[in-house]
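Below: one structure, written as structure tokens.
The values are calculated or read from the model by the stated rules, or taken from the named source; none is laboratory data. Fair warning: this is a prediction, and the values are worked out from it, not measured in the lab. Note that we place each Cβ from the backbone using ideal geometry, even for glycine, and neighbour counts take in every protein chain shown. Please note that ligands, DNA and RNA were not included when accessible areas were found on the heavy atoms of the full protein model with its side chains. Shrake-Rupley method; radii C 1.70, N 1.55, O 1.52, S 1.80 Å.
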Amino acid sequence: MSESLLSVRELKKHFPTGRRSFLGRSHDVLRAVDGVSFDLERGQCLGLVGESGCGKTTVARTIMGLEKASGGSVTLDGHELTSLGRRGWLPYRTRVQMIFQDPYASLDPRQTVASILTEPLAIHGRGKPKQRKLRAMALLDVVGLNPRHINRYPHEFSGGQRQRIGIARALALEPEVLVCDEPVSALDVSIQAQIINLLVELKERFSLAYLFIAHDLAVVRHISDTVAVMYLGRVVEMAPCDTLFEAPQHPYTRALLSAVPLADPLAERQRRRILLEGDVPSPLHPPPGCAFQGRCPDRDAVPAGRCVSEAPLLLACGSSLVACHLDPSRE
Amino acid sequence: MALLEVRNLSVRFDTHHGSLRAVDDVSFTLDEGETLGLVGESGSGKSVCNLALMGLVPRPPGVIESGEVWFEGRDLLQLPESELRALRGNSLAMIFQDPMTSLNPLLSVERQLSEVLEVHRGLSRRQARKQCAAALDDVGIPEPERRLDEFPHELSGGMRQRVMIAMALLCDPQILLADEPTTALDVTIQAQILELLSDLQERRGTAIVLVTHDLGVVAGMSDRVAVMYAGRLVESASTLDLFARPAHPYTQGLLASVPDLGGNREGDLFSIPGSPPDLVELPAGCAFAPRCGQVEEACRSGPPDSLDLNDTAAHGPRRVACPRAHAGFETGGLL
Amino acid sequence: MADQATKKMGDWGLGAGELERILSEAAKHKGESLWQDAWRRLKANRTAWCSLCFLALFTSVAFLAPLLPLPSPVSLDLQIEPQPPVAPWSQFGRGGFSPEYWELSGLDQAMVRGRVAIFDDWQTAAWLGTDAKGRDILSRIVWGSRTSMLVALAAALCSLAIGVTYGALAGYLGGAVDNLMMRIVDVLYSIPFIFVVIFLITIVNEYRTELEDHYGINREVIFYLVIGAIYWLTMARVVRGQVLSLRHAEFIDAARQLGASTARIVFVHLVPNVLSIVIVYLTLTIPAVMLFEAFLSFLGLGIEPPKVSWGLLAVDGSEMVNPVRIYWWLVVFPAAAMGATLLALNLVGDGLRDALDPKLRGQS
């Protein structure tokens, strides 16, 4: 366990919600992340997938210290991060960086590319202004942009180019871990492929580890070594990429995979979808026991009432970790 | 006989940056009970095309420069606003991408739905309520009677989109224009909505124009596909042909750049270099020429004409706006 | 770990020499900032541009007033009734200038000396007429505008310095801090400032000598203090609202995850992004402040004679309006000057709002 670069244990993030008066405390708690554990090894990519509201973005933000964890731990090379203040965090910032979802919102519109890219270096006191600027140009070159455009502003670039600038900013401090929060979901298909290729290339070149968050399963499959599927604040299945996509164990994973439309009309017409009933329950009032029980197509296969009475643990099943009461040897 | 026929439609927008042609000389037909997928990236003009069919292009800045839209023997672009209004929601209905903003947050579900009926059918409040409940039941909403009294914010995204679909189908339209109906939804909810749409279509025989950027959705839903790039229709074909033998270099690139869920992770994804052109400053020739791997000198001189493609194995007529593609199919080989 | 980092730097493709060369080329690829873009669009807006030029002219005339060959605004020429305007073509100028002023600052005195050196005792004729005491209206309007400008400047500086910082901090820090800071603003808001002014000025009048001699506090100081105390409040609210909506923008999160300090986030990222709204709001505040000054002076609570302000001019004019004879120039010209200034400010504000609107970006 101490071997892994980034280790997340029983991470919890609860948001107090509901009415809050001047003095009173609110009682409703939104369990956005409710006990998530995983390890990220050097040079590996862990894909984190799930539908909106499953807490995958909150996991990323909590790891980055953008939200204060309600419980659990995040360790980088054995150093505990969750309890650190801003100053204590600083030395670790250089090792873990983040790429954001929306290339239009993640760059300060009033800054030039030069100041966007030199800001990380300035905050961490690296180099003199001139060196920083040269470094910023080298970064632009690394992400496939023309370094001559360093004095331009974000609005003078297209969406894909802006996302490249965002990636360059994340690379500026030469991190070991990149947390990518839906880095391609705001982009068009043809641009998306460019950015994915860039991310794959950078991963090899700088031996980066990615925590890759996405709702697009095909993208995750392309880039990840391990995939974790989240549902309502918990990981329901985690497995090596090929295993997860070829032999999904958890009923939710199966439904999710079968719901993805394929860009192949013949396959699409022959395919049988597992249609889930209803919607994802609110994380304010999660159902008792297994969070998925209300929609689970396989719940009748489990001995009476266990799904309702008892939350399943994430247990090893072959090379996968699955949180389901269903007997894995059923098949 | 086509149900809807669009001929040489061009829509221009006069913006502050200059005027741009969002839809440029687009022609297609829609048969009864058929689903036509209109595919393209953002800014390709697919949504504007849809709005133009409904007469909903905001004017100004939009200007319908030319074209005809024939439906039931009438050219929709020439109809006065009053007659168009009678058609909208009645024979032509539309569902939008974001079900939250397209429902009025202050009205109950019943009020939103019954408005359509009261306007087009002149039903009484009570009759309308009954029909609305039936419509909600039809789109798979449990406890329709209770849902009628709820407000949009009390419904989930999937439910809201179902309400939108119920609203669109209340008057049994012949054509449903769906603008990215599932883009804002999660995969499992998207699967539900797509299933619902194809089920409804089968039962009622509604023709659907499905505007989307998701090639997977098109592959599963549509009978024919039209691909748009920078305001122009670059290729149209039956879905099977288009996915099996894409003719236009853009279509080929688009299909190749979709990551494959079924494996094959080795090597890079195919990607089209560059980014979509700025519509204000389109290149003189084919708009795709600067990104095209098969570009020739002729491509840069003038926009290529959309011509019937001589594809012997095709399941239906195909049109492509690329001379190279025609040449490739003439010699029998794929590019 | 350090080795690894430096090694990474090594294979970053471009060498140092190459980068230096590109850096010099990069100067040619200067981007257009949102400010430059807004400026260009403001210039294209003819109404706003004319108003801005008018205001610039007006401000420089006000600033250079002591240097201009205007009659003294206070030199008396006792006569029975106000003299009507004299058209510049019938009488352009005349002699007889006497440098009578109230206590002027050093710079102003220097400018007066310069004026005497250049023009000697030549001064313009009473183009806009004179008041009952024979004082030149044009000169009084120009000198009065200096007061308005000073007031506007004081309010603008307070708004910018206190209001923006206070609002941005409250909005960014959020939670209990925000709550406390905004309640303070609410309390200050609820104070009826007119009464405070009357109260303070009564005190100042009562203990005039002590206060002025020992502490240097006079009515004018009180006046500026009050304006300073009021006019940052609304700005703080406006900025806080804007910051609240920006606080969760991804670029703020991006700065936070880089380890940026609160000061850096507020002043490097938040403030420049709310500045466009601040500027538009300022152009709306300044007319209000000018009116407030005129109002207080009208009530006799603001500027004291012999100094001039537009409010005092209005008092003078209104006193001379009687059923027997209307000395229209005493009312019309000061009112026109004030009206034109306020209108120009509003038009510039309108133009700025359009120019700074990100949705209209790129319009030429």
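Assorted remarks:
- Of all residues in the range C:284-302, none satisfies being outside any loop (DSSP other than H, G, I, E, B), open to solvent by 40 Å² or more (accessible area, probe 1.4 Å) and hydroxyl-bearing (Ser, Thr, Tyr).
- The residues of the range C:45-66 that are within 19 Å of C:ARG353 (Cβ to Cβ) and either in contact with a strand residue (DSSP E or B) (Cβ under 7 Å, 6 or more places away or on another chain) or surrounded by 14 or more Cβ atoms within 10 Å (Cβ to Cβ) (or both), listed by number, are C:ASN45, C:ALA48, C:TRP49, C:CYS50, C:SER51, C:LEU52, C:PHE54, C:LEU55.
- Scanning the range A:49-100 for residues that are part of a loop (DSSP other than H, G, I, E, B) and either on the phi > 0 side of the Ramachandran plot or touching a Pro at 6+ places or on another chain (Cβ under 7 Å) (or both) yields A:GLY50, A:GLY53, A:GLY55, A:GLY65, A:ASP77, A:GLY78, A:THR94, A:ARG95.
- In this structure, A:ARG169 qualifies as facing another protein chain (nearest Cβ under 9 Å), among the basic types (Lys, Arg) and open to solvent by less than 20 Å² (accessible area, probe 1.4 Å).
- Scope the range B:121-130; condition in contact with a helix residue (DSSP H, G or I) (Cβ under 9 Å, 6 or more places away or on another chain), surrounded by fewer than 18 Cβ atoms within 10 Å (Cβ to Cβ) and under 23 Å from B:LEU87 (Cβ atoms); matching residues: B:ARG121, B:LEU123, B:GLN127
- From the options A:ARG272, A:ARG205, residue that is surrounded by fewer than 19 Cβ atoms within 10 Å (Cβ to Cβ) and closer than 25 Å to B:LEU196 by Cβ: A:ARG272
- Qualifying residue in the range B:187-194 (condition: surrounded by fewer than 19 Cβ atoms within 10 Å (Cβ to Cβ) and either at pLDDT 85 or above or of a type outside the set (Lys, Arg) (or both)): no
- Residue among B:THR251, B:THR239, B:THR183 that alone is under 19 Å from the mean Cα position of the chain (by Cα), open to solvent by 20 Å² or more (accessible area, probe 1.4 Å) and not aromatic (Phe, Trp, Tyr): B:THR183
- Residue in the range B:168-176 that is in a loop (DSSP other than H, G, I, E, B), polar (S, T, N, Q) and assigned by TED's automatic domain parsing to the domain that holds B:ILE208 present: yes
- Residue in the range B:171-187 that is of a type in the set (A, V, I, L, M), in contact with a Gly (Cβ under 9 Å, 6 or more places away or on another chain) and in contact (Cβ under 8 Å) with a residue 24 or more places away in the chain present: yes
- Which numbered condition A:GLY160 misses (of (1) under 20 Å from the mean Cα position of the chain (by Cα); (2) within 13 Å of chain C (Cβ to nearest Cβ)): (2)
- Among the residues of the range C:45-88, the ones that are at pLDDT 85 or above and over 23 Å from C:TRP102 (Cβ atoms) come to 13 in all.
- Among residues of the range C:207-241, those that are in contact (Cβ under 8 Å) with a residue 40 or more places away in the chain and over 22 Å from the mean Cα position of the chain (by Cα), counted: 1
- Taken together, C:ALA38, C:ALA48 contain a single residue that is touching a residue at least 60 places away in the same chain (Cβ under 8 Å), within 14 Å of another protein chain (Cβ to nearest Cβ), on the phi < 0 side of the Ramachandran plot and under 21 Å from the mean Cα position of the chain (by Cα), which is C:ALA38.
- Qualifying residue in the range A:233-250 (condition: in contact with a His (Cβ under 6 Å, 6 or more places away or on another chain), surrounded by 24 or more Cβ atoms within 10 Å (Cβ to Cβ), aliphatic (A, V, I, L, M) and more than 12 Å from every other protein chain (Cβ to nearest Cβ)): yes
- Every listed requirement among (1) open to solvent by 30 Å² or more (accessible area, probe 1.4 Å); (2) within 24 Å of B:LEU215 (Cα to Cα) is met by A:LEU315 save one, (2).
- A:GLY53 fulfils the conditions (1) at pLDDT below 90; (2) within 29 Å of A:GLU174 (Cα to Cα) except for a single criterion, (2).
- Only one of the numbered conditions (1) open to solvent by 40 Å² or more (accessible area, probe 1.4 Å); (2) in contact (Cβ under 8 Å) with a residue 24 or more places away in the chain; (3) under 17 Å from C:VAL74 (Cα atoms); (4) out of contact with any Leu (no Cβ under 9 Å at 6 or more places or on another chain) is not met by C:LYS133, and that is (4).
- Pick from the range A:185-217, criterion touching a residue at least 40 places away in the same chain (Cβ under 8 Å) and of a type in the set (Ser, Thr, Tyr), ranking: farthest from the other protein chains (Cβ to nearest Cβ): A:TYR210
- Flag if A:ALA263 is aliphatic (A, V, I, L, M), open to solvent by less than 70 Å² (accessible area, probe 1.4 Å) and in contact with a helix residue (DSSP H, G or I) (Cβ under 9 Å, 6 or more places away or on another chain): yes
- Considering residues of the range A:138-156 that are in contact (Cβ under 8 Å) with a residue 12 or more places away in the chain and in contact with a Pro (Cβ under 9 Å, 6 or more places away or on another chain) only, the residue nearest to the other protein chains (Cβ to nearest Cβ): A:TYR153
- Of the residues B:SER108, B:SER44, the single one that is open to solvent by less than 60 Å² (accessible area, probe 1.4 Å), polar (S, T, N, Q) and closer than 21 Å to B:ARG7 by Cβ is B:SER44.
- Hits in the range B:270-308 (condition: more than 14 Å from chain A (Cβ to nearest Cβ) and open to solvent by less than 40 Å² (accessible area, probe 1.4 Å)): B:GLY285, B:CYS286, B:ALA289, B:CYS299, B:GLY302, B:PRO304
- Selected residue [under 23 Å from B:LEU4 (Cβ atoms) and either of a type in the set (A, V, I, L, M) or in contact with a Phe, Trp or Tyr (Cβ under 8 Å, 6 or more places away or on another chain) (or both)] from B:ALA86, B:ALA134: B:ALA86
- The residues on offer are B:GLU65, B:GLU150, and the sole one that is free of Cβ contacts under 8 Å to residues at least 60 places away in the same chain, acidic (Asp, Glu) and not in a loop (DSSP other than H, G, I, E, B) is B:GLU65.
- The single residue among C:PHE97, C:PHE119, C:PHE92 that is open to solvent by 60 Å² or more (accessible area, probe 1.4 Å), within 30 Å of C:ARG325 (Cα to Cα) and hydrophobic (A, V, I, L, M, F, W, C) turns out to be C:PHE92.
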